[in-house]
Every structure is written in C-alpha cells, then in structure tokens.
Amino acid sequence: MTDDQWIDIELSDAQRVEIEYCTQCRWLPRAAWLAQELLTTFETELTELALKPGKGGVFVVRVNDEVVWDRREQGFPEPTAVKQAVRDRVAPDKSLGHSDKAVQEEQEDVSP
C-alpha cells in the first residue's frame, strides 16, 4: 500500500471534535476540562480535538463540523450529555458505562 492510500484511509476515519468557547467570559478552563474528558473517553476514536477561542458568550461543541451542543440553546452541558452526543457520531457501539446508566435512569424517572 502506498503512502497516499494510507493517508486516504486515515482521512476517511478522521474524527474531529472542536470546542469553541468565549474568551471574554473566561471559559477556557471549562472547555479544557471538557476536552480532557472527551480525550480520556475516546482516546482511540478521536483523531483531533481543537479548542477554538470565540467571543460573545459562545460555547459550542462540534463533531466533524456538526454542532452537537450549543450553550445558547441547551445551556452548559454536563460531560455525560456531550460524551453521549460524541459517542453517537464517532463510536455508536461504544459503551459509556456508568454514564449510560445515569441517563437511562433519568429517562425512566421522566417516563409516565
């Protein structure tokens, strides 16, 4: 296999997460903490995780350019919710262990 073929395979499997955060609001620590959580959970599935400085109260998480969490619409995310959104896009069969159980219990509590 040539180097170009390997690059094509690697690019087709690329999974990029971007966390855009407001520098004016000083949300870098929050973004960095969430990045650490995602990198720890998806250490073999993610090929890149970027922190993108922004302004105006932005806190958005994207997977391969798709918005999976926007603070303006959904409030600040719990790590579990973001992990599930990322998992659903990059590794749908991956178990999140206790994180999956917590959401399952919440859904059961809300169900009539």
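The values are calculated or read from the model by the stated rules, or taken from the named source; none is laboratory data. Source: prediction; values computed, not measured. So basically every Cβ, Gly included, is an ideal-geometry build from the backbone, and we count neighbours across all protein chains shown. For accessibility, only protein heavy atoms count, side chains too; no ligands or nucleic acids. Shrake-Rupley method; radii C 1.70, N 1.55, O 1.52, S 1.80 Å.
A search for C-beta distances below 8 Å between a residue of the range 19-35 that is among the basic types (Lys, Arg) and any residue that is modelled with pLDDT of 95 or more, counting only pairs 6+ apart in sequence or on different chains, returns ARG30/TYR21; ARG30/PHE59.
Filtered by the rule that a residue be part of a strand (DSSP E or B) and farther than 12 Å from TYR21 by Cα, the range 37-68 gives GLU48, LEU49, VAL63, GLU66, VAL67, VAL68.
Only one of the listed residues (VAL68, VAL86, VAL60, VAL82) is under 26 Å from HIS98 (Cα atoms) and touching an Asp or Glu at 6+ places or on another chain (Cβ under 7 Å). That residue is VAL60. Of everything in the range 53-87 that is among the acidic types (Asp, Glu) and under 14 Å from LEU34 (Cβ atoms), the residue that is surrounded by the fewest Cβ atoms within 10 Å (Cβ to Cβ) is GLU78.
Collect the residues in the range 21-48 that are under 14 Å from TRP69 (Cβ atoms), within 11 Å of the chain's Cα centre (by Cα) and open to solvent by less than 40 Å² (accessible area, probe 1.4 Å), keeping them in residue-number order. Those that are under 14 Å from TRP69 (Cβ atoms), within 11 Å of the chain's Cα centre (by Cα) and open to solvent by less than 40 Å² (accessible area, probe 1.4 Å): ALA31, LEU34, ALA35, LEU38.
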